[in-house]
Amino acid sequence: MEHPKEVRTYCPKCKKYTKHKVKLAAKGSRDRTLAKGNRKHKRKLEGYGGKRRGKKVPRKQAKPQKIVLACDECKKKHERIVGSRTKKKLELIAKT
Ligand SMILES: [Zn+2]
């Protein structure tokens, strides 16, 4: 999947159409694996006795592709989802 590196789109701060630079949004989970609750839950799962808390959540196959749009005039950034739930990787291309 391809997406241009620069787009002209609406900026909510300037309240008009301006040029935006496009970047891929950073991936990665925000789960804190060393948070107290997570450590406690892990300890409970050890040994016999099966699962203690929480049901198994079915995993979705793909995640929505996100881009970050940065306004050229006010430098404000906002996100946009391009094509929801696809396994295709997003590529940024310079428009000819
Ligand atoms: Zn702006």
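Counting just the residues of region 18-61 that are surrounded by 11 or more Cβ atoms within 10 Å (Cβ to Cβ) and within 24 Å of HIS3 (Cβ to Cβ), which one comes out nearest to the ligand (Cβ to nearest atom)?
THR18
Among the residues of region 1-17, write down those that are within 11 Å of the ligand (Cβ to nearest atom), among the basic types (Lys, Arg) and in contact with a strand residue (DSSP E or B) (Cβ under 8 Å, 6 or more places away or on another chain). Reasoning before the result, please.
Within region 1-17, the first condition is being within 11 Å of the ligand (Cβ to nearest atom), and the residues that meet it are 9-17.
So of that shortlist, the ones also among the basic types (Lys, Arg) come out as 13, 15-16.
LYS13, LYS16, listed by residue number.
If you go through region 68-90, how many residues are more than 16 Å from the ligand (Cβ to nearest atom) and either surrounded by 14 or more Cβ atoms within 10 Å (Cβ to Cβ) or of a type in the set (A, V, I, L, M) (or both)? Before you say what the answer is, go through the steps one by one.
As a first pass, look at region 68-90 and keep what is more than 16 Å from the ligand (Cβ to nearest atom): 81-90.
Within this subset, residues satisfying the condition of being either surrounded by 14 or more Cβ atoms within 10 Å (Cβ to Cβ) or of a type in the set (A, V, I, L, M) (or both) are 81-82, 86, 90.
So the count comes out to 4.
Anything in region 16-35 that is farther than 15 Å from VAL68 by Cα, within 25 Å of the chain's Cα centre (by Cα) and either at pLDDT 85 or above or of a type in the set (D, E, K, R) (or both)? List them, or say none.
Across region 16-35, the qualifying residues are TYR17, ARG30, ASP31, ARG32, THR33, LEU34, ALA35.
Going through region 38-90 one residue at a time, which ones are touching a residue at least 40 places away in the same chain (Cβ under 8 Å) and not in a strand (DSSP E or B)?
ASP72, GLU73, CYS74, LYS76, GLY83, THR86, LYS88, LYS89, LEU90
The values are calculated or read from the model by the stated rules, or taken from the named source; none is laboratory data. For clarity, every value in this text was computed on a predicted model and none was experimentally measured. Reconstructed Cβ throughout: ideal geometry from the backbone, glycine too, with neighbour counts over all protein chains shown.
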